[in-house]
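The values are calculated or read from the model by the stated rules, or taken from the named source; none is laboratory data. The shown structure was predicted, so the numbers you read here are calculated from the model rather than taken from an experiment. Here the Cβ positions follow ideal geometry from the backbone for every residue, glycine too, while neighbour counts run over all protein chains shown. Just so you know, the surface numbers come from the protein's heavy atoms only, side chains and all, with ligands and any DNA or RNA stripped out. Shrake-Rupley method; radii C 1.70, N 1.55, O 1.52, S 1.80 Å.
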Amino acid sequence: MSDRSLLEIDNVQTSFRVGDSYYAAVDGVSLNVERNEVLAIVGESGSGKSALAFSIMGLHNSHKTKIEGSIRLNGKDVNHLSTSELNKVRGKDMGMIFQEPLTALNPLKTIKDQITEALDLHTNFSAKQQNERALHLLNEVGIPRADKVMNQYPHELSGGMRQRVVIAIAISCDPSLLIADEPTTALDATIQSQILDLLNELKEEKDSGIILITHDLGVVAEMADRVAVMYAGQVVELADVMSLFKQPKHPYTRSLLSSVPSTQDEKDMLHVIQGVVPSLPKMPRTGCRFKARIPWMADDTHEENPELREVADGHYVRCTCYKHFYFPEEEAEKDVAAHRE
Amino acid sequence: MWKFIVRRIIIMFPQLVLLSMIVFILAQLMPGDVTSSLAMDPNVSPEQQEQIREDLGLNEPWHTQYLNWVGSVVQGDFGHSFTHSVPVSDLIWHRMVNSIWLGVAALIFVYMLALPLGLISGRWNDTIADRLITGYTYIGFAAPLFIFALVMLFIFGFQLGWFPTGGSVDPGLTGWDFFTSKVYHLLLPALSLALIGTVTTVQYLRSEVIETKQKEFISTARAKGVPEPKVYTNHIFRNSLLPIAAVFGYEVTTLIGGSIFVEQIFSYPGMGQLFLESIQVRDFPVVTAIVMLFGVAAILGALLSDIIMSIVDPRIRIK
Ligand SMILES: Nc1ncnc2c1ncn2[C@@H]1O[C@H](COP(=O)(O)OP(=O)(O)OP(=O)(O)O)[C@@H](O)[C@H]1O
Ligand code: SF4
Ligand SMILES: [Mg+2]
């Protein structure tokens, strides 16, 4: 554990209760984030990205959710804190930015009240200091005429402005970890890049770590230091952003990147990764959950319990799956041929 | 906000016009008019009768009659009662005061019950407390008010003797004693009305709380580290109470409807009781006047709830 280490997620499993049974939406995820690092999490809808983010923040309904494993923030296991102890940590040491800026703010409270609420909980500021700090934060996130916005209500602001307010709330107490769950999907392109720039600045300035959840690989390329690809509640590939884009290994990653294979034949193979992530109760729990989506491979070539393995320095892939695909630059070609026999 | 309120008040006028037309047509459809009784009188010749009709404007075309009628109604003149031979307005006046007392008391009870019950069952939904409360609301929906009121009267009025079984005040009292006696007479009918009338609001509030709980801004609040009790008081309850104002008008209408039965059962001298009496003796001017006033009360209730909304909801207040 390096002293730059900020968050260590170890073997986290988040299960939701459906009827009488629990189904894991996050299944044995281990990740870590360092200070001044952006870890991107990508994966299609339903792969468990938000479920993981909510687990870190402790935002799941405790009656309907079971979270196992440890989530250490600055060495403290936040997964096993009582709610009141957790409330001393969230908002202060970790903050979250939500996907939908239009609904993430309370429609009946002024912007000022929504920012000072966090300050009131985590600082000893007087009311006057809280107001000054709130105003400062609004300026910091680039809201024009911040003094006027302070007394406005969310419906008076545009989506981009509201997302800035959500960010201002999330960073109000200088948290060391910021989780951004698709912070820009609801916004248009110019505002999107402004918000991303803002996050980048904040990261540099405060030396904090960011978990950035997104669908958008353009955003990943621009922002991330490392990328975790999630499928069906598991990490299938984890690598620094360069390796992942240059040498994606898992077929799922490749299909996300829509890399163009060299022969027509292979193209068919890669692009038949279709369908959607199975719903929780329908998820295969034994064997590889990806099997169903590459039906062209013979059954006996699949691994029983594929694991995440380090295949190059800092580059992890689940299973040997990737070897069965055609990569012009690798000897995997032979492998594929061998398996086709 | 002012714009909204002014607009809302302007909308009220066509509503009132529509109401007055309906009531007018209703009055026309009712058999007989002032001259009907004269027809029985052998001392009045058909010519004289016709003369009286002419003088009263009953031979005018309907729109003139309508305008005349509206003109007098606006001045508080609802004509003469057939049976009491006094102006309808005199007859109605102190009944109306009694009904307003009853209505206000019932409204207070409705919200005293609905707020805690709705908030509890919404916050702890699917617990035993919630099941009990929801069970009560189902009973409230299913039970006919007049039977429920009879049972209340029988148990608490006659059997236990805790409350008076009729009237609106004991005779010969003044000042403070008069007031307490009034309230004492009100309690049982108002409570009977409220226990049944409140269930809509309880259910509405419950589902509002459950819905607000899932809203994303609640996650924002939790992510700030807001302690759970405060998440409820500052965010969930506040935001759930707002739409309750929207059903206030509906609640007023239900209570008016309910008061007709309840006043009858508790022999409470209000407008509802007068309404039923007048129907029985076919005192149509009185019936028409009361229908008109009930209608106005319903329209005002809806207006009031929209005005409350516009004051408490910044999305309407700031436009
Ligand atoms: N509260 C919940 N109760 C039951 N199932 C849930 C709950 N939240 C999420 N799920 C299920 O868990 C799985 C993962 O959902 P999650 O929201 O984490 O996906 P995601 O990767 O964030 O997708 P998206 O990109 O659409 O946001 C899905 O199958 C979803 O239906
Ligand atoms: S090869 Fe491995 S990762 Fe690919 S589907 Fe089969 S078991 Fe899963
Ligand atoms: Mg999500």
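Quick notes on this structure:
- Solvent-accessible surface ranking, highest first, for B:V231, B:V312 at 1.4 angstrom: B:V312, B:V231
- With 5 Å bins from 0: P(r) over region B:197-236, alpha-carbon pairs, percent: 6, 23, 26, 18, 12, 9, 4, 1
- Beta bridges per DSSP with both ends in the protein assembly as shown, % antiparallel, nearest 5: 65
- Cα gyration tensor category, rounded, prolate or oblate, for region A:71-130 with a/c compared to 1.5: oblate
- Size check on region A:1-52: the Cα extents along the three principal axes, sorted descending, read 43, 22, 11 Å.
- In terms of accessible area, using a 1.4 Å probe and ignoring ligands and nucleic acids, A:S62, A:S279 rank largest first as A:S62, A:S279.
- For region B:92-312, relative contact order (Cα pairs under 8 Å, six or more residues apart, normalised by length) works out to 29 percent.
- Alpha-carbon centroid distance for the pair region A:205-260 / region A:44-122, whole angstrom: 23
- Efficiency of FRET from Cβ geometry, A:R309 and B:I308, R₀ 51 Å, rounded to 0.05: 0.20
- Solvent exposure of B:L293, expressed as accessible area, is near 40 Å², computed with a probe of 1.4 Å over the protein chains only.
- Accessible area buried at the A-B interface, both sides summed, 1.4 Å probe (Å², nearest 100): 2200
- Total lysine pairs whose alpha carbons fall under 28 Å of each other in region B:92-312 (8 or more apart, or interchain): 4
- Average other protein chain Cβ within 10 Å of Cβ, residues A:170-177: 1
- In units of the compact-protein estimate 2.2 N^0.38 Å, region A:5-224 shows a Cα radius of gyration of 1.00.
- 13 Å beta-carbon shell around B:I11, net charge (K/R +1, D/E -1): +2
- Stokes-Einstein, applied to the Kirkwood radius of region A:212-259 over Cα pairs at a viscosity of 1.306 mPa s and 10 °C, places its translational diffusion at 148 µm² s⁻¹.
- Based on the Stokes-Einstein relation at 37 °C and a viscosity of 0.692 mPa s, and on the Kirkwood radius from alpha carbon pairs, the protein assembly as shown is assigned a translational diffusion coefficient of 107 µm²/s.
- Order by protection proxy (mean Cβ within 10 Å, highest first), peptides B:236-247, A:170-181: A:170-181, B:236-247
- Remark on A:A25: its backbone amide H falls under 5 Å from those of A:T14, A:S15, A:F16, a criterion applied only to residues 5 or more positions apart or on other chains, H modelled at 1.01 Å from N.
- ³J(HN,Hα) computed for each position of region A:137-149 - Karplus, 6.51 cos²θ - 1.76 cosθ + 1.60, integer Hz, glycine/proline x: 4, 4, 5, 4, 8, x, 9, x, 6, 4, 5, 7, 4
- Its alpha carbons considered, region B:92-312 gives a radius of gyration followed by a Dmax of 19.9, 68 Å.
- Taking amide H as placed 1.01 Å from N in the peptide plane, the amide H of A:A40 sits under 5 Å from that of A:L212, A:D225, A:R226, A:V227, A:A228, each at least 5 places away or on another chain.
- Average beta-carbon neighbours from other chains, 10 Å sphere, peptide B:210-218: 4
- Alpha-carbon Rg with Dmax, taken over region A:183-241, Å: 12.3, 35
- Tilt relative to chain B, helix B:175-197 - C-alpha long axis, 0 to 90 degrees, to 10: 70
- For the pair B:V296 and A:N61, a Förster radius of 56 Å applied to the C-beta separation gives a FRET efficiency near 0.75, rounded to the nearest 0.05.
- Sorted on the mean count of surrounding Cβ atoms within 10 Å across their residues, most packed first, peptides A:119-130, A:202-213, B:275-286 read A:202-213, B:275-286, A:119-130.
- Note on region B:168-319: dipole from Cβ charges, positive end direction compared against B:V199, B:I236, B:F248; the farthest Cα belongs to B:I236.
- Prolate/oblate/rounded call for region A:141-223, Cα gyration tensor, a/c under 1.5 rounded: oblate
- Most mobile of B:T127, B:T200, B:T254 in a GNM of chain B (Cα contacts under 10 Å): B:T127
- With respect to chain B, whose longest principal axis is taken over its alpha-carbon atoms, helix B:46-56 is tilted by about 40°.
- Rounded, prolate or oblate (a/c below 1.5 giving rounded, otherwise prolate when a/b exceeds b/c) for region A:1-106 by Cα gyration tensor: rounded
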